[in-house]
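Here's the structure we're looking at; comments come further down.
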Amino acid sequence: MIIDYPWYFVLLCLLAGVAYAAGLYYVGKRHFSKKVNALLAALRFVAVSAIALLLLAPVAKRTVHERQKPLLVLVDDCSESVRMSADSSFSLLDLWYKVWEKDDLKENCRMSYIGNGSNVGQTDLSAMMLEVPPDAAAIVLASDGIHNRGPQPTTTAERLGVPVYTVALGDTTPRCDAALSNIRYNRIAYLGNAFPVEITIGAHRLKGRTAQLTVADGRGKKVAQQQVAYGDDDFSSTMTFSIPAEAKGLQKYVVSLSLVEGEVEPTNNVQTLYVDVIDGRRKVVIVGNAPHPDLAALKHAVESNPNYEAEVMLAENGKMKVESDVSLAILHNLPSATHQIPKELENLPQVFVIGTQTDLPRFNALHTGLEIVSKVKKSSEVTAVYNDRFSLFNYDASDGEALEQLPPLDAPFGEAKASASLQSLLTARLGSIDTRQPLVAAQAQGYQHKVFVWGEGLWKWRLTDYLNNSSHEHFDRLVSQIINFTAITDQRERFIVETERHYSDYDNIMVSAQLYNDAYEPFNTPNATFSLKGDSVKGAFNFTRSGDNYSLTLGRLPEGLYRYTAQTQYNGETLTTEGSFAVEALHLEQANLTADHALLRSISAITGGKMYYPDQLSELSDELSAFKPIIYTHTRYSELLNLPWVLVLIILLLGAEWVLRKYHGEI
């Protein structure tokens with residue numbers, strides 16, 4: 001018995017019992033004989049002392065010995081490579097139950113089963129062995145030894161610290177077959193560019209034969225092909241193709257290797273790839289108040305960056321047609337006395353080229369972060385001074401020095417009033433005086449970025465840059481970095497659907513979505529729907545609410561290209577999000593069907609087990625029957641106050657005292 005109090009507290013409990021019994025039976029007039037009185041005092045002493053001791057919350061310590069049957073864990077590699085082998089009809093679980101009953105192992109052992117589950121398209125022996133409970137006495141692993149996922153199984157098996165008995169399945173003889181053993185490619189490509197596809201072919205026992213390797217797009221058009229000559233019975237070769245990305249979005253490509261007479265497995269000769277082709281080019285619209293050589297110079301500079309394409313337009317009030325996918329607007333001499341900024345461009349990131357035709361009062365009324373206060377309508381010729389403290393985007397000092405050598409721009413006369421967030425990349429020099437006023441300045445405020453060029457005559461900069469350096473690189477790089485910075489936007493969509501771009505046909509596909517209110521706080525009060533359309537599957541689903549978001553489980557889908565449309569309502573407006581994803585078929589198991597019994601033998605040897613074949617399960621059961629029960633010793637602590645027999649004992653003591661008193665006539 002353990003008590004968290006000093007030893008004398010026990011003595012105090014005993015003294016309390018003595019005092020209580022003495023006061024009750026030895027102080028004052030006696031009603032009982034000496035023997036009865038002593039017996040009653042003893043009962044009261046024990047009862048009171050016991051109750052006092054229980055108030056100290058004593059703990060009883062006891063040692064418990066448990067006998068437990070040894071646990072045998074069956075790990076069954078029921079992957080595609082096993083199913084396609086000569087042992088495809090083998091069932092470890094069925095055969096083991098027969099041995100279990102015949103050899104009466106169930107009387108001495110416990111059994112647990114771990115299968116490959118839904119991951120039959122790949123084999124991760126390490127992952128399956130890591131599912132083994134820590135109290136396992138032995139592991140029985142039935143596999144062909146072919147593993148194509150996860151770490152080396154021998155290392156994992158050794159760390160488990162228990163013997164692993166392997167059952168060797170499959171055939172170690174190479175089959176007459178060719179396969180696309182590995183394909184490497186970029187899952188993302190850019191429209192108009194070419195992306196590499198590296199294809200590794202393996203073949204066994206096909207020496208002297210030839211086959212045709214073909215890559216076709218989703219419409220069946222051949223985009224690459226090459227003849228393959230199998231020069232050895234154990235053949236391996238890697239070929240690289242450059243495939244043009246001609247259409248944007250998720251694109252399907254089929255790699256196929258023609259069959260040769262005698263091949264036993266045709267399914268591993270075909271594999272489908274899905275490449276996300278991105279139109280990385282952003283559209284820039286250059287809008288001028290009137291024809292001007294600056295417009296052409298800006299267009300050439302913008303298109304020197306392969307990620308942008310530019311269109312030059314002249315401002316026409318009420319007649320502008322701007323495409324919805326425009327990312328940025330360069331406004332030359334706008335707003336002017338005759339033209340406002342077109343409404344279609346008001347919410348786009350903007351670059352202002354402020355020239356002699358710019359209406360400064362109208363420009364100042366835009367509250368862009370830069371105001372030019374001018375009392376006279378005239379212009380000044382200003383040259384550039386590079387500011388090395390500019391930090392909104394990286395700009396090389398050598399480019400800044402080159403810009404200082406360019407001719408002056410014509411800038412409207414005035415005084416600048418700039419917001420605190422405006423930074424100058426170039427400041428203006430008037431004659432020999434550095435005015436410190438912005439010449440090229442940028443601002444990152446809110447979700448839109450803006451850039452200001454206070455002066456026109458940029459065509460002279462581009463022309464002089466070529467005369468000085470035999471290229472337009474300094475000017476073009478300036479414009480390119482300006483549009484890269486300005487095109488960035490932090491604006492968030494209200495309804496966002498999140499999916500991966502690529503899944504395998506063994507993945508359990510989950511879709512999540514978020515809806516944001518005006519304060520950009522997530523909520524999921526309105527219903528949300530999800531429509532899916534694929535090559536062989538279509539359907540409509542309702543999102544379920546999960547916390548503040550939406551979720552949807554699509555489960556496993558067959559191979560193919562899928563497009564989806566998600567919709568919900570907010571403030572009477574229908575919010576729609578569209579997207580696509582691809583489901584790819586795994587062919588890892590089909591690429592190699594030659595069993596690796598050497599790996600299984602190594603796993604058994606390193607863990608103290610042994611390898612058996614399917615017809616030797618009786619011998620395996622004899623080996624396992626030698627495992628003895630395990631004795632576990634536990635030390636347990638129990639509070640006496642919680643033990644029912646203690647309460648029963650106290651009740652019996654007090655009850656016996658009551659009976660004696662009544663019997664002898666006091667009660």
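The values are calculated or read from the model by the stated rules, or taken from the named source; none is laboratory data. Model, not experiment: these values are computed from the prediction. Note: ideal-geometry Cβ built from the backbone for every residue, glycine included; neighbour counts use all protein chains shown. In case anyone asks, the SASA skips ligands and DNA or RNA and just uses the protein heavy atoms, side chains included. Shrake-Rupley method; radii C 1.70, N 1.55, O 1.52, S 1.80 Å.
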inquiry  = Just to be sure before I move on: is LEU653 among the hydrophobic types (A, V, I, L, M, F, W, C), closer than 30 Å to VAL46 by Cβ, crowded, with 18+ Cβ neighbours inside 10 Å and in contact (Cβ under 8 Å) with a residue 60 or more places away in the chain in the structure I sent?
reply    = yes
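Answer yes or no as to whether VAL312 is modelled with pLDDT of 90 or more, part of a strand (DSSP E or B) and surrounded by fewer than 21 Cβ atoms within 10 Å (Cβ to Cβ). Quick ask: steps written out before the conclusion?
Numbers: modelled with pLDDT of 90 or more: yes; part of a strand (DSSP E or B): yes; surrounded by fewer than 21 Cβ atoms within 10 Å (Cβ to Cβ): yes.
Judged against the criteria, VAL312 is a match.
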task = Could you list, in sequence order, all residues of the stretch 472-497 that are touching a strand residue (DSSP E or B) at 6+ places or on another chain (Cβ under 9 Å), in a loop (DSSP other than H, G, I, E, B) and surrounded by 16 or more Cβ atoms within 10 Å (Cβ to Cβ)?
result = ALA487, ARG494
message = I want to confirm something. Restricting to the stretch 341-362 and keeping residues that are more than 29 Å from ALA402 (Cβ to Cβ) and modelled with pLDDT of 90 or more, which single residue is most open to solvent (accessible area, probe 1.4 Å)?
response = PRO361
inquiry  = Regarding the stretch 642-653, can at least one residue be identified that is in contact with a Lys or Arg (Cβ under 7 Å, 6 or more places away or on another chain) and at negative phi?
reply    = no
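Out of all the residues in the stretch 555-572, is one or more among the polar types (S, T, N, Q) and free of Cβ contacts under 8 Å to residues at least 24 places away in the same chain? If you could, list the steps in order and put the result at the bottom.
Residues of the stretch 555-572 among the polar types (S, T, N, Q): 565, 567-569, 571.
Pick out the ones that are also free of Cβ contacts under 8 Å to residues at least 24 places away in the same chain and you get 571.
Within the stretch 555-572, one or more residues are among the polar types (S, T, N, Q) and free of Cβ contacts under 8 Å to residues at least 24 places away in the same chain.
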query = Taking PHE541 and the conditions (1) of a type in the set (Phe, Trp, Tyr); (2) at pLDDT 85 or above; (3) open to solvent by less than 60 Å² (accessible area, probe 1.4 Å), which numbered condition does it fall short on, given that it satisfies the others?
reply = (3)
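Does GLY579 fit the bill of being more than 30 Å from PRO174 (Cα to Cα) and at pLDDT 85 or above? Explain how you work it out, then say what you get.
Details: more than 30 Å from PRO174 (Cα to Cα): yes; at pLDDT 85 or above: yes.
Yes, satisfied.
Residues to consider are ASP124, ASP144, ASP171, ASP177; find the one that is at pLDDT below 80 and over 33 Å from the mean Cα position of the chain (by Cα). Before the answer, list the steps.
Details: ASP124 fails: over 33 Å from the mean Cα position of the chain (by Cα); ASP144 fails: over 33 Å from the mean Cα position of the chain (by Cα); ASP177 fails: at pLDDT below 80.
Answer to the selection: ASP171.
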ask   = Pairs under 9 Å by beta carbon, first residue in contact (Cβ under 8 Å) with a residue 12 or more places away in the chain and open to solvent by less than 10 Å² (accessible area, probe 1.4 Å) in the stretch 57-75, partner in a strand (DSSP E or B) and acidic (Asp, Glu), six or more apart or different chains?
value = PRO58/GLU639
key: Only listed residue being crowded, with 18+ Cβ neighbours inside 10 Å, at negative phi and of a type in the set (S, T, N, Q), chosen from GLN445, GLN437   = GLN437
query = Can you tell me which residues in the stretch 515-538 are free of Cβ contacts under 8 Å to residues at least 60 places away in the same chain, out of contact with any Lys or Arg (no Cβ under 6 Å at 6 or more places or on another chain) and open to solvent by less than 60 Å² (accessible area, probe 1.4 Å)?
reply = ASN517, PRO522, PHE523, PRO526, ALA528, THR529, PHE530, SER531, LEU532, GLY534, VAL537
remark   = ASN364 fails exactly one of (1) out of contact with any Phe, Trp or Tyr (no Cβ under 7 Å at 6 or more places or on another chain); (2) of a type in the set (S, T, N, Q); (3) closer than 24 Å to TRP461 by Cα, namely (3)
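So is LEU640 more than 29 Å from VAL140 (Cα to Cα), open to solvent by less than 30 Å² (accessible area, probe 1.4 Å), touching a residue at least 24 places away in the same chain (Cβ under 8 Å) and in contact with a Leu (Cβ under 9 Å, 6 or more places away or on another chain) or not? Lay out the reasoning, then the answer.
Numbers: more than 29 Å from VAL140 (Cα to Cα): yes; open to solvent by less than 30 Å² (accessible area, probe 1.4 Å): yes; touching a residue at least 24 places away in the same chain (Cβ under 8 Å): yes; in contact with a Leu (Cβ under 9 Å, 6 or more places away or on another chain): yes.
In short, yes.
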ask   = Hey, any hits in the stretch 156-177 for a residue that's among the basic types (Lys, Arg), surrounded by fewer than 16 Cβ atoms within 10 Å (Cβ to Cβ) and over 29 Å from ILE603 (Cα atoms)?
value = no
query = Is it the case that LEU206 is aliphatic (A, V, I, L, M), part of a loop (DSSP other than H, G, I, E, B) and surrounded by 14 or more Cβ atoms within 10 Å (Cβ to Cβ)?
reply = yes
query = Being over 30 Å from ASP507 (Cβ atoms), out of contact with any Phe, Trp or Tyr (no Cβ under 8 Å at 6 or more places or on another chain) and outside any loop (DSSP other than H, G, I, E, B), is that true of even one residue in the stretch 592-600?
reply = yes
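Is it the case, given these coordinates, that LEU575 is within 25 Å of TYR274 (Cα to Cα), open to solvent by less than 70 Å² (accessible area, probe 1.4 Å) and out of contact with any helix residue (DSSP H, G or I) (no Cβ under 7 Å at 6 or more places or on another chain)?
Criteria not met by LEU575.
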inquiry  = What's the total number of residues in the stretch 262-281 that are farther than 17 Å from GLY249 by Cβ, open to solvent by 60 Å² or more (accessible area, probe 1.4 Å) and touching a residue at least 40 places away in the same chain (Cβ under 8 Å)?
reply    = 3
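Please indicate, with yes or no, whether at least one residue in the stretch 457-466 is out of contact with any Asp or Glu (no Cβ under 7 Å at 6 or more places or on another chain), of a type in the set (A, V, I, L, M, F, W, C) and either part of a helix (DSSP H, G or I) or surrounded by fewer than 17 Cβ atoms within 10 Å (Cβ to Cβ) (or both).
Going through the stretch 457-466, the residues out of contact with any Asp or Glu (no Cβ under 7 Å at 6 or more places or on another chain) turn out to be 460-466.
Retained after the next criterion (residues that are of a type in the set (A, V, I, L, M, F, W, C)): 461, 463.
Right, trim to either part of a helix (DSSP H, G or I) or surrounded by fewer than 17 Cβ atoms within 10 Å (Cβ to Cβ) (or both) and you get 461, 463.
Yes, the stretch 457-466 has at least one match.
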task = Give just the number: which of (1) in contact with a helix residue (DSSP H, G or I) (Cβ under 6 Å, 6 or more places away or on another chain); (2) within 24 Å of MET611 (Cβ to Cβ); (3) of a type in the set (Gly, Ala, Ser) does GLY161 not satisfy?
result = (1)
remark   = Only unsatisfied item for TYR550, checking (1) closer than 30 Å to VAL255 by Cβ; (2) open to solvent by less than 70 Å² (accessible area, probe 1.4 Å), is (1)
